[in-house]
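Report on the following structure.
The values are calculated or read from the model by the stated rules, or taken from the named source; none is laboratory data. Computed from a predicted structure; not experimentally measured. Glycine gets a Cβ as well: all are built from the backbone with ideal geometry, and neighbour counts include every protein chain shown.
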Amino acid sequence: MEPVIRLENLVKQYARRGLGRGADAFTAVDSVSFSILPGTTLALVGESGSGKSTLALCIACLERATSGRICFEGQDAAALGERELRAVRPRIQLVFQDPANSLNPRWTVRDIVAEPLLVRDRIPRSEREALAAQALERVGLATEYLGRKPAELSGGQRQRVAIARALILEPNVLILDEVLSSLDCSTQAQIANLLAELQRSYGLAYLFITHDLRMAAHLADEIAVMSGGKIVEQGAPEEILRGPRRPETLSLLVASGIKSNPTAAVQQR
């Protein structure tokens, strides 16, 4: 099976400001390579500032990579012009951590979920509403929620609306950026089960970004640990949990309340 998306030596640099001419650029993503197969989940785990969200923006074609390749559907998305990217972006959708900030508080759920259709295509209003209702049902919300506004919804319901908005464009890849971290434990479990069900039903590939190794191990087929813009360790969840090879991974295990194999050899830098 071919990967739905493959990164090859992806680099993202930002120019430092106010440090004078000739100052080195800041490297937020440093030579990252990995691939994701259809219907599978890669968890990208790391502390805040490790480069996870910058990498997500590059993969979603919302930030231009400095160098490297993003191979998607037979083409290098990192090398495409703006016009060509318009055809790629709907296929790679990003769901953010806090739906309260990503959903327009003045809009109804109907308008929020249907917004991508309005932006991308000239679809009649009646058809947009029917597709919005269908997307909402996919995430377990009845059509009665279409007329409500975000303030009338719980945190879990808002996250379901955000997922429905991403699904309405029929993407191949969902980038889930800390989508569970702002939810309580019970709601986390519900959304995690929903994501698993959607993946089984539609063969979606997930890039699941988190700082929680416990949740990563629960959801992912593979875990990549990111630190300082680099992937420092990658493997199956049981390998990462039982025998961490890097101090960054061990630190994340401790922070997640997981006891790793005490005999594991942690490689020092």
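Scanning for something more than 13 Å from Thr41 (Cβ to Cβ), modelled with pLDDT of 95 or more and in contact with an Asp or Glu (Cβ under 6 Å, 6 or more places away or on another chain), does segment 231-242 turn up at least one residue?
Looking through segment 231-242, at least one residue is more than 13 Å from Thr41 (Cβ to Cβ), modelled with pLDDT of 95 or more and in contact with an Asp or Glu (Cβ under 6 Å, 6 or more places away or on another chain).
Checking Ile123 against (1) among the β-branched types (Val, Ile, Thr); (2) modelled with pLDDT under 90; (3) not in a loop (DSSP other than H, G, I, E, B), which test does it fail?
Here Ile123 clears every test but (3).
Residue pairs, Cβ under 6 Å, 6 or more apart or interchain, first in segment 79-99 and farther than 21 Å from Asp177 by Cα, second outside any loop (DSSP other than H, G, I, E, B) and not hydroxyl-bearing (Ser, Thr, Tyr). List them.
none
Are any residues in segment 80-120 part of a loop (DSSP other than H, G, I, E, B) and touching an Asp or Glu at 6+ places or on another chain (Cβ under 9 Å), and if so, which ones?
Phe96, Gln97, Asp98, Asn104, Trp107 - these are the residues of segment 80-120 that are part of a loop (DSSP other than H, G, I, E, B) and touching an Asp or Glu at 6+ places or on another chain (Cβ under 9 Å).
Name the single residue that is nearest to Leu57 (Cα to Cα) among those in segment 230-255 being buried (at least 17 other Cβ atoms within 10 Å of the Cβ) and of a type in the set (Val, Ile, Thr).
Ile231
What's the total number of residues in segment 45-75 that are assigned to a helix (DSSP H, G or I) and not hydrophobic (A, V, I, L, M, F, W, C)?
So the answer is 3.
If you check Glu137 against the conditions, is it more than 17 Å from the chain's Cα centre (by Cα) and either more than 23 Å from Ala205 (Cα to Cα) or at pLDDT below 95 (or both)?
no
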